[in-house]
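Structure first, then comments.
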Amino acid sequence: MTNQERKNECLPALPEIMHRKVTEDEKGGICLNDLWEIAEKPEHLRPAEWHRQKRTQALEAALLERIMVLNHNSPENHCRSIYYVLGKGRAAKTFAHPVLALAYAEDLLPALGVEVKEVFLRYRSNDISLANDILDRIAEQVQEDEIRIHNRTEQTLRNRELAAQGKIAGCTEVDYAELHNSGYRGLYNGLDAIDIHKLKQLTKNQKILDHMIAAEGAANVFRVTQAKIAMQNRKPKTPAEAFNIAHEAGLETRKAMTRIGGVMPEDMPVADSIKDAKKRLEVNRHLLPKEK
């Protein structure tokens, strides 16, 4: 017997999963090869193949980040414990953190995922809370990104509708910037687009609307929508009247936010690019349990 075989033989075993033994390493990692064999060895889901998937890489990164926050350590202290291969060739064994192992089991076979969770993870309260915490944070991020993307699309549409109403009031192309700035000044306590851009410390090529968190985007969608409705009802005859209506809509939106006790839009944090939100959403959606 080789030293490697002796080492593997000394590793503890988990309770039986689907009537099969699954090996656990000294740090609590689960042997993915054992899970793969229980699932009847699907060729396209060998541990190495699965580990190269974008979804797996995203989950591993989220797990590593969360562990670092909990333990205040550098990633080097945890990378090996999250996923590593022991040995070489056919005798090699791949071990992974229980959170990753659960995800792997669910990808291999839904019933196996349920079994792993029921037989093993419920006895590991620290891992359950960690897994749930990660999934909760991902779910929150998915919701935030979904609302941001929706708001950004709505903002583009509502701005066009507002511009159309401005055109009826006599606005020309040179007036549209002032039409939008009037609304900004009402909502942002006198700040126009240039002021907001500077306040948020955006670069020259970054657009204000692309870096709003969901709450700020929603406030702006509401502002522009109300301005459009007011212009439809009041039918301004000049650009100046249209500017006043847009400004009033911004002011009223700000007053509502003040009464509710919310954070003012100029004080809200700057979000990453809407392009980043779209990319992240595409990845994170696959990390969440599928709705039945």
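The values are calculated or read from the model by the stated rules, or taken from the named source; none is laboratory data. None of these values were measured; they are calculated from a predicted model. Glycine also receives a Cβ, built like all others from the backbone with ideal geometry; neighbour counts cover every protein chain displayed.
Here are some notes:
- Within the stretch 2-16, the presence of a residue that is within 18 Å of Pro110 (Cβ to Cβ) and either surrounded by 14 or more Cβ atoms within 10 Å (Cβ to Cβ) or modelled with pLDDT of 90 or more (or both) is excluded.
- Candidates Tyr184, Tyr176 - the one that is more than 33 Å from the chain's Cα centre (by Cα) and part of a helix (DSSP H, G or I): Tyr176
- The set of residues in the stretch 117-151 being touching a strand residue (DSSP E or B) at 6+ places or on another chain (Cβ under 8 Å) and modelled with pLDDT of 80 or more consists of Arg148, Asn151.
- Test for Thr238: is it closer than 25 Å to Gln165 by Cβ and in contact with a Lys or Arg (Cβ under 6 Å, 6 or more places away or on another chain): no
- Breaking point among (1) more than 22 Å from Asp34 (Cβ to Cβ); (2) modelled with pLDDT of 85 or more, for Asn77: (2)
- Selection of the stretch 146-165 for residues being charged (D, E, K, R) and surrounded by 14 or more Cβ atoms within 10 Å (Cβ to Cβ) yields Glu146, Arg148, Arg152, Glu154, Arg158, Glu161.
- Residue satisfying all of: in the stretch 187-205; in a helix (DSSP H, G or I), touching a residue at least 24 places away in the same chain (Cβ under 8 Å) and out of contact with any Lys or Arg (no Cβ under 6 Å at 6 or more places or on another chain); surrounded by the fewest Cβ atoms within 10 Å (Cβ to Cβ) among these: Leu199
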